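The values are calculated or read from the model by the stated rules, or taken from the named source; none is laboratory data. The structure presented is a predicted model; accordingly, all values stated were derived computationally and were not measured. Every residue, glycine among them, receives a Cβ derived from its backbone with ideal geometry; neighbour counts consider all protein chains shown. The area values use the complete protein model at the heavy-atom level, side chains included, leaving out ligands, DNA and RNA. Shrake-Rupley method; radii C 1.70, N 1.55, O 1.52, S 1.80 Å.
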Amino acid sequence: MTPRGLRNCNPGNIRLSGVRYKGEIRPSADPQFRQFDSLEWGYRAIFVLLHTYARRHACRTLRQMIARYAPPDENDTRRYTLFVAQHSGIDPDKQLDTLDRTAMTAVVCAISLFENGQHADRTTVARGWSLFAEDFH
């Protein structure tokens, strides 16, 4: 069976909130998670969310970003952080530039793998980055 995040074109399993994203289907048919028009828009949303964490919430490292993205009251944040660090090759305690395409693509691919148990298609993630870069570069 296809994982929920991929069915929703929301590979980061971003929960519903008052925030609106480009490419989002409103209202979502899923009672807890957002749905997007395509996986590209879903990947863009992860890039936007992590960039927002850095800019508005002073999350400068992968560890800080994952702690906010997957808080310990809902997740095994330590395991999540180690998984993303290992699969992305990003040191969890080094400052992370959310406008660094190479680093952020690796992080988002690792988040998608953790959330869905399947490797992300890098071409699709790259299209998500391009959608993000149109607004944030």
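Within region 49-137, which helices (runs of 4 or more DSSP H) (wholly inside it) include 2 or more residues that are touching a Pro at 6+ places or on another chain (Cβ under 6 Å) and free of Cβ contacts under 8 Å to residues at least 40 places away in the same chain? Even if it seems obvious, please write down each step before you answer.
Details: elements: 62-69, 77-88, 101-116, 122-136.
Those helices (runs of 4 or more DSSP H) span 77-88.
Among the listed residues D100, D93, D121, which satisfies the condition of being in contact with a strand residue (DSSP E or B) (Cβ under 6 Å, 6 or more places away or on another chain) and modelled with pLDDT of 95 or more?
Working: D100 fails: in contact with a strand residue (DSSP E or B) (Cβ under 6 Å, 6 or more places away or on another chain); D121 fails: in contact with a strand residue (DSSP E or B) (Cβ under 6 Å, 6 or more places away or on another chain).
Only one candidate qualifies: D93.
Would you point out which residue out of T52, T123 is within 19 Å of K22 (Cα to Cα) and either surrounded by fewer than 14 Cβ atoms within 10 Å (Cβ to Cβ) or out of contact with any helix residue (DSSP H, G or I) (no Cβ under 8 Å at 6 or more places or on another chain) (or both)?
Values: T123 fails: within 19 Å of K22 (Cα to Cα).
Testing whether each residue is within 19 Å of K22 (Cα to Cα) and either surrounded by fewer than 14 Cβ atoms within 10 Å (Cβ to Cβ) or out of contact with any helix residue (DSSP H, G or I) (no Cβ under 8 Å at 6 or more places or on another chain) (or both) leaves just T52.
A quick yes/no check of all residues on (1) more than 15 Å from the chain's Cα centre (by Cα); (2) at pLDDT below 95; (3) surrounded by 12 or more Cβ atoms within 10 Å (Cβ to Cβ); (4) under 20 Å from K94 (Cβ atoms):
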{"residue": "G5", "(1), (2), (3), (4)": "no, no, yes, no"}
{"residue": "C9", "(1), (2), (3), (4)": "no, no, yes, no"}
{"residue": "N13", "(1), (2), (3), (4)": "no, no, yes, no"}
{"residue": "I46", "(1), (2), (3), (4)": "no, no, yes, yes"}
{"residue": "H57", "(1), (2), (3), (4)": "yes, no, no, yes"}
{"residue": "A70", "(1), (2), (3), (4)": "no, no, yes, yes"}
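Criterion first (open to solvent by 20 Å² or more (accessible area, probe 1.4 Å) and modelled with pLDDT of 95 or more) does R34 satisfy it?
Working: open to solvent by 20 Å² or more (accessible area, probe 1.4 Å): no; modelled with pLDDT of 95 or more: yes.
Considered against the rule, which asks whether it is open to solvent by 20 Å² or more (accessible area, probe 1.4 Å) and modelled with pLDDT of 95 or more, R34 comes out as no.
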